[in-house]
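Since the structure comes first, as structure tokens, the remarks are kept for the end.
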Amino acid sequence: MPENSRASTQGREHQGASSEASKTTMVIHSIGELAIPPISKDGAIHGKEMANVARHKNAAIAIAGEKIVGIGTSDDILKEHGKAKDIQLVDAGGKLVTPGLVDPHTHLIFGGNRASEFIMRCQGKTYAEIAEAGGGIVASMRATRSATADELAKTGLFRLQRMLQAGTTTCEIKTGYGLDAQSELAMLQAIYKLRGQQPVELVATFMPAHAVPPGEDRESYVQEIVDDMLSRASKLSKEHGADAPIIDVFCDRGYFTLEDTRKIFVAAQALGMPTKVHADEFVNLGATKLAVEHQSLSADHLLNVSDEEITKLASSKTVAVLLPGTSFYLNLAEHAPARKMIESGVAVALGSDFNPGSCHIFSLPLIWGLACLHLRMTPEEALTALTVNSAYAIGAGDKVGQIAPGYQADITIYDVQTIEEVPYNLGWNPVNTTIKKGAIVHRI
Ligand code: NIG
Ligand code: FE
């Protein structure tokens, strides 16, 4: 099939077994550019390899049930799969198609909003100054604790619906605005409930260590997380038939120390829970090094990551999740050193960090643009970072984030022709169709 890279590895014949053709339920045809990131069954894509995106022209995808069964030229796929009984034909109209976008870092569930903080920041106040003045995570904790479960579910659903319209098919959601056992477990329960209510696939992260609740001593709160909250979260996940939640810690000045983070990681690992960390957002406390030592799924933010840590990340499976929406929204002069990381061989992913304070942005096409503009990533690197690598950052890289036979049929179709046009159209939603597990869940 015509393409501009990887031609020799895929050959001219389309992939997929023809004996399966009668089971095909959907064919997406007339794709102007089918952009497919590098495939890896064994962890995220590192460094320069991230740019090796295959760009097939006049392509099609065959889907059976929830899975992709073939990719090839439109003519070949339609000839082989197009006549299956009750097949749904989706005309991509000569436009761009990518794997469904994966958001590996959100704080999507919260009560209230912090619009007033945004205005304070426009007038020159910093994130730390606003938090000291009674704003920040603790302000959202109050609003979240006083919201009813129904209100939290309703706003959660509204946000997920908007994400779907912007091409997000899988999304990680953190707790962290409850900050006591009961409210944190209620947030976790809300994530599990939202799973059954809408199509975006949700990966739960338990994050009681997002801030120290007012009036509490930090060390005793950490002890409570270690002795009680983690095992209750693990139990709740089992009751919901879910994988154990990922455990995250905000390791930064004014939040949790490196030693707190280590304690929480050790306890999480003893319970078989994967870990990740908010690292180096404001100052470097050594959290990225700790994440690599503990084989964490990811270290996120990394604005102040050291050269030594970049080298460690490069030879590890820990993914660097960069959040250019946050540095943009906080109006910071500096952004994470993405180019240095990619050139040093780190596996970089991108996420929205959607939250009520430091980044009220959920659109991954916008994040794609900010990654090109502020992190100097190429459109190809950004695509790999928003699909394969973001999937690995939340432990789902073996089933989502890729368009190849055997992967889940999660696909985003755009109103533009090429991957360059996504960052170029900064701030305008270029997505027209979202497909989740082989079904159209959004189309305009
Ligand atoms: O990723 N850094 C910690 N958590 C969020 C901010 C959350 C908030 O301000 O409510 C972040 O930037
Ligand atoms: Fe965050």
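Values as computed for the structure displayed
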quantity: Test: residue in region 394-403 that is surrounded by 23 or more Cβ atoms within 10 Å (Cβ to Cβ), outside any strand (DSSP E or B) and of a type in the set (G, A, S); calculated: yes
quantity: Qualifying helices (runs of 4 or more DSSP H) (wholly inside region 278-389; at least 3 residues being at pLDDT 95 or above, surrounded by fewer than 24 Cβ atoms within 10 Å (Cβ to Cβ) and away from ligand 1 (no atom under 14 Å from the Cβ)); calculated: 287-293, 307-314, 338-343, 364-374
quantity: Pair list, Cβ under 6 Å, 6 or more apart: region 40-61 residue farther than 20 Å from V97 by Cβ, other residue part of a loop (DSSP other than H, G, I, E, B); calculated: G43/K317; A44/A347; H46/G345; H46/A347; G47/G345; E49/P38
quantity: Filter pass, Q182 being without any contact (Cβ under 8 Å) to a residue 60 or more places away in the chain and either among the aliphatic types (A, V, I, L, M) or out of contact with any Cys (no Cβ under 7 Å at 6 or more places or on another chain) (or both); calculated: yes
quantity: Qualifying positions in region 295-316 - more than 17 Å from M207 (Cα to Cα) and not hydroxyl-bearing (S, T, Y); calculated: Q295, L302, L303, N304, V305, D307, E308, E309, I310, K312, L313, A314
quantity: Criterion (hydroxyl-bearing (S, T, Y) and under 18 Å from D353 (Cα atoms)) met by exactly one of T169, T98; calculated: T169
quantity: When residues of region 248-274 are limited to those that are surrounded by 19 or more Cβ atoms within 10 Å (Cβ to Cβ) and over 21 Å from S220 (Cα atoms), the one nearest to ligand 2 (Cβ to nearest atom); calculated: P274
quantity: Answer from V283, V292 - the residue that is in contact with a Lys or Arg (Cβ under 7 Å, 6 or more places away or on another chain), β-branched (V, I, T) and within 16 Å of ligand 2 (Cβ to nearest atom); calculated: V283
quantity: Test: residue in region 76-95 that is of a type outside the set (A, V, I, L, M, F, W, C), part of a strand (DSSP E or B) and either over 25 Å from I246 (Cα atoms) or assigned by TED's automatic domain parsing to the domain that holds A349 (or both); calculated: yes
quantity: Any hit, region 145-165, residues being within 15 Å of ligand 2 (Cβ to nearest atom), aliphatic (A, V, I, L, M) and buried (at least 22 other Cβ atoms within 10 Å of the Cβ); calculated: no
quantity: Options A133, A181, A139: the member that is surrounded by fewer than 16 Cβ atoms within 10 Å (Cβ to Cβ) and within 14 Å of ligand 1 (Cβ to nearest atom); calculated: A133
quantity: Residues of region 327-365 classified as within 16 Å of ligand 2 (Cβ to nearest atom) and over 14 Å from the mean Cα position of the chain (by Cα), total; calculated: 12
quantity: One residue from V431, V422, V346 being under 24 Å from I77 (Cβ atoms) and either touching a residue at least 40 places away in the same chain (Cβ under 8 Å) or not aliphatic (A, V, I, L, M) (or both); calculated: V431
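The values are calculated or read from the model by the stated rules, or taken from the named source; none is laboratory data. On a predicted model such as this, the values are computed, not experimentally measured, just so you know. Ideal geometry is used to build each Cβ from the backbone, glycine not excepted, and the neighbour counts take in all protein chains shown.
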